[in-house]
Amino acid sequence: MSDPVPAVIFFDLGDTLKDSQGKRYEDALDTLQILHERGYRLGLISNQSAGTTVSQVSATLTSLALNTYIEDALITISTEIPGNVGKPDKPIFDLALQKAQHPAASVQSIFVTETISHIQAARGYGWRAILKRNTGACQPGDGECVTSLIDLLNLLPETADTAGTNFHLAPPARLVDGLWAVPVDIQNITASLTFDASTNSGTGDATMEFKMGRYAGCPIFDLRQNITAAWLDGAALPVAKLAWHNFGGGTNADLRIVEASLAAGSVHNLQVAYQIGIPQASMAGSYLPAIQWSAGPRLAFNFGFTDLGPGRYLESWVPANLIFDQ
């Protein structure tokens with residue numbers, strides 16, 4: 001079985017999101033906003049005239065106020081294919097899958113257009129394709145069909161149940177170092193820190209129970225200690241797959257990504273073992289984290305919690321989440 005992938009909806013542009021006069025359909029913005037909130041990534045598959053660039057199409061989306069929801073990284077146009085080969089041929093659909101990091105077409109690869117021949121082609125390539133009829137009613141042979149964009153909401157429900165979580169406060173999922181990094185809801189953490197006076201050393205062992213949100217992908221968490229072993233749902237996980245990644249937050253603000261794609265709404269356990277040392281975090285402020293051994297033997301231990309720099313709360317010593325998770 002292949003790894004779960006986030007559901008992605010690729011829209012055609014002309015006569016799908018904008019009309020023949022170049023105006024955005026009245027229900028386009030609301031539809032895209034709700035689909036985004038429901039956990040779908042949104043992209044574009046569009047045939048364009050020779051010489052048109054992705055940045056030019058992005059500018060068009062900006063002028064239509066659709067760029068908030070359609071990701072630049074998922075804009076797919078025919079001029080990216082040698083010879084300007086567009087729909088209904090397969091290469092442009094394959095390029096869209098590549099951009100979405102879908103190893104193959106599936107029900108998670110969704111295409112919406114008003115052109116029935118393109119719908120039929122997409123279905124033949126393994127996509128879930130939904131016809132948008134701009135005039136008249138859907139016909140018995142249409143398969144999945146809507147007569148307006150807003151009707152897509154009847155076919156595309158929320159990708160996961162997030163009741164009882166704080167995902168409405170979470171930052172958006174994003175592509176980081178080629179990984180689709182997604183926030184999680186930590187439901188429970190069980191942790192122990194053990195100090196050995198005979199060796200003047202300490203070890204940590206923690207298990208984090210967490211729930212995925214509306215996006216399938218790679219979970220984000222924080223821990224400022226050196227992990228020596230890890231297990232995901234009881235199976236050993238190479239420590240290298242829990243590496244820190246730069247999210248653009250500045251010095252000492254890197255976060256860990258679990259390099260395993262997990263299904264939207266699923267629940268998991270991550271266990272980590274680690275050597276306890278001074279946290280790999282900001283050293284701002286006067287109350288610093290400390291582990292000081294002296295004769296006796298005695299241990300002076302300071303948590304060093306502060307909001308003056310990144311990585312200086314619970315994540316200094318045990319796995320923790322971003323601040324949105326209450």
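Table: residues versus (1) within 19 Å of Thr203 (Cβ to Cβ); (2) at pLDDT below 95; (3) surrounded by 14 or more Cβ atoms within 10 Å (Cβ to Cβ).
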position: Ala229; (1), (2), (3): yes, no, no
position: Gly234; (1), (2), (3): no, no, no
position: Leu237; (1), (2), (3): yes, no, yes
position: Ala240; (1), (2), (3): no, no, no
position: His245; (1), (2), (3): no, no, yes
position: Ile257; (1), (2), (3): no, no, yes
position: Leu270; (1), (2), (3): yes, no, yes
position: Pro279; (1), (2), (3): yes, no, yes
Q: Scan the stretch 289-304 for residues that are surrounded by 14 or more Cβ atoms within 10 Å (Cβ to Cβ), assigned to a loop (DSSP other than H, G, I, E, B) and hydrophobic (A, V, I, L, M, F, W, C) and jot them down.
A: Phe303
(Q) Among the numbered criteria (1) within 23 Å of Gly164 (Cβ to Cβ); (2) surrounded by 13 or more Cβ atoms within 10 Å (Cβ to Cβ); (3) free of Cβ contacts under 8 Å to residues at least 60 places away in the same chain; (4) not β-branched (Val, Ile, Thr), which one does Gly213 miss? (A) (3)
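Return yes or no: is Ala281 out of contact with any strand residue (DSSP E or B) (no Cβ under 7 Å at 6 or more places or on another chain), more than 26 Å from Gly164 (Cα to Cα) and without any contact (Cβ under 8 Å) to a residue 40 or more places away in the chain? Talk me through it step by step, then tell me what you get.
On the way: out of contact with any strand residue (DSSP E or B) (no Cβ under 7 Å at 6 or more places or on another chain): yes; more than 26 Å from Gly164 (Cα to Cα): yes; without any contact (Cβ under 8 Å) to a residue 40 or more places away in the chain: no.
Considered against the rule, which asks whether it is out of contact with any strand residue (DSSP E or B) (no Cβ under 7 Å at 6 or more places or on another chain), more than 26 Å from Gly164 (Cα to Cα) and without any contact (Cβ under 8 Å) to a residue 40 or more places away in the chain, Ala281 comes out as no.
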Q: Sort out which residues of the stretch 98-125 are among the hydroxyl-bearing types (Ser, Thr, Tyr), surrounded by 15 or more Cβ atoms within 10 Å (Cβ to Cβ) and over 24 Å from Gly217 (Cβ atoms), and write them in order of number.
A: Thr113, Thr115
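I'd like to verify a number: residues in the stretch 129-139 that are within 14 Å of Asp12 (Cα to Cα) and surrounded by 15 or more Cβ atoms within 10 Å (Cβ to Cβ), how many?
Within the stretch 129-139, the subset within 14 Å of Asp12 (Cα to Cα) is 129-134.
Within this subset, residues satisfying the condition of being surrounded by 15 or more Cβ atoms within 10 Å (Cβ to Cβ) are 129-133.
Selection size over the stretch 129-139: 5.
The values are calculated or read from the model by the stated rules, or taken from the named source; none is laboratory data. From a predicted model like this one, the values you see are computed outputs, not experimental measurements. For neighbour counting, all protein chains shown are included, and Cβ atoms are generated from backbone atoms with ideal geometry for every residue, glycine included.
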